[in-house]
Amino acid sequence: MGNGFQFLDIIFFALIAGFIILRLRSVLGKRTGHEQRDADPFRARRASGPEPQPAELGADNVIALPGQNGGAVAADSPLGAGLTQIRVADPRFDAADFLEKAEAAFEYIVTGFAAGEASKLKPLLSREVFDGFATAIRERERKGETLETTIVRLKEAELVEAGMEGRTASITVKYVSEQINVTRDAKGEAVAGDPNRITETVDIWTYERNTRSSDPNWLLVATETPE
């Protein structure tokens with residue numbers, strides 16, 4: 001996966017000493033896309049605490065996922081089997097740790113896109129996803145527009161698919177968040193969205209990593225917003 005999540009340790013993501021990213025499991029807090037953000041939300045978790053240990057199967061043969069809806073995944077389910085395949089390919093992989101860091105990555109990437117920080121996002125994204133993001137950012141700039149995105153709350157982050165294709169691990173995460181999105185023209189007038197309206201947004205993101213690579217990081221390789 002090359003430079004995948006060069007600044008992230010999963011991303012899915014060199015912090016200022018002493019700064020630890022907020023746990024974003026339930027409430028992310030408001031972000032407008034213009035604040036200074038940690039350059040490495042996932043790696044920061046690894047640097048600020050002990051090395052996470054791979055999750056073991058429980059007595060009921062489930063994979064514990066504290067942030068997941070329901071808190072666990074049956075090991076013999078399609079998702080559980082996929083996570084087990086990744087664990088076999090990479091014994092250091094921990095599904096709960098991945099999910100926690102994927103929550104942080106969501107905020108980082110969404111607000112980075114809104115702020116037009118294409119260069120900061122490049123190491124986190126596949127070439128195809130980066131090209132799409134960069135094109136949208138350039139188009140906004142060409143029109144003299146700005147996008148303001150406020151993540152009010154991350155309601156849910158759930159692993160929905162996982163598996164191996166050759167040496168490449170793939171994990172898909174479904175995010176449900178409450179956001180405020182407004183696009184403004186060069187005069188600061190809203191031309192799309194409503195700064196006073198919170199909308200529920202569903203995003204489905206897929207991350208990949210070459211398990212044979214010495215680089216532990218993941219790349220965001222696909223994004224989807226269901227109709």
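The values are calculated or read from the model by the stated rules, or taken from the named source; none is laboratory data. Keep in mind that this is a model prediction, so the values were computed, not measured. Ideal geometry is used to build each Cβ from the backbone, glycine not excepted, and the neighbour counts take in all protein chains shown.
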**Item:** Flag for R153 being part of a loop (DSSP other than H, G, I, E, B), farther than 21 Å from G116 by Cα and basic (K, R)
**Value:** no
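Among the candidates A186, A157, A118, single out the residue that is in contact with a Phe, Trp or Tyr (Cβ under 7 Å, 6 or more places away or on another chain) and farther than 30 Å from L65 by Cα. Spell out how you get there, then give the answer.
Values: A186 fails: in contact with a Phe, Trp or Tyr (Cβ under 7 Å, 6 or more places away or on another chain); A157 fails: farther than 30 Å from L65 by Cα.
Just a single option satisfies the conditions, and that option is A118.
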**Message:** Just the residues that are of a type in the set (G, A, S) and either modelled with pLDDT of 95 or more or in a loop (DSSP other than H, G, I, E, B) (or both), please, taken from the range 106-129.
**Reply:** G112, A114, A115, G116, S126
**Every pair of residues 6+ apart whose Cβ atoms lie under 6 Å, when the first sits in the range 148-174 and is over 25 Å from D194 (Cβ atoms) while the second is modelled with pLDDT under 95 and of a type in the set (K, R)** = R167/R212
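Yes or no: the range 98-113 includes at least one residue that is of a type in the set (K, R) and crowded, with 22+ Cβ neighbours inside 10 Å.
Yes, some residue in the range 98-113 is of a type in the set (K, R) and crowded, with 22+ Cβ neighbours inside 10 Å.
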**Item:** Odd one out for N217 among (1) touching a Ser or Thr at 6+ places or on another chain (Cβ under 7 Å); (2) buried (at least 16 other Cβ atoms within 10 Å of the Cβ); (3) outside any helix (DSSP H, G or I)
**Value:** (1)
**Request:** Consider A186 carefully, then state whether it is among the hydrophobic types (A, V, I, L, M, F, W, C) and farther than 29 Å from P78 by Cα.
**Result:** yes
**Message:** For the structure I just gave you, tell me whether E161 is surrounded by fewer than 19 Cβ atoms within 10 Å (Cβ to Cβ), under 30 Å from A81 (Cβ atoms), in contact with a Leu (Cβ under 7 Å, 6 or more places away or on another chain) and modelled with pLDDT of 95 or more.
**Reply:** yes
**Request:** Hey, could you check the range 182-200 for residues that are among the small types (G, A, S) and surrounded by 11 or more Cβ atoms within 10 Å (Cβ to Cβ) and say which is farthest from the chain's Cα centre (by Cα)?
**Result:** A190
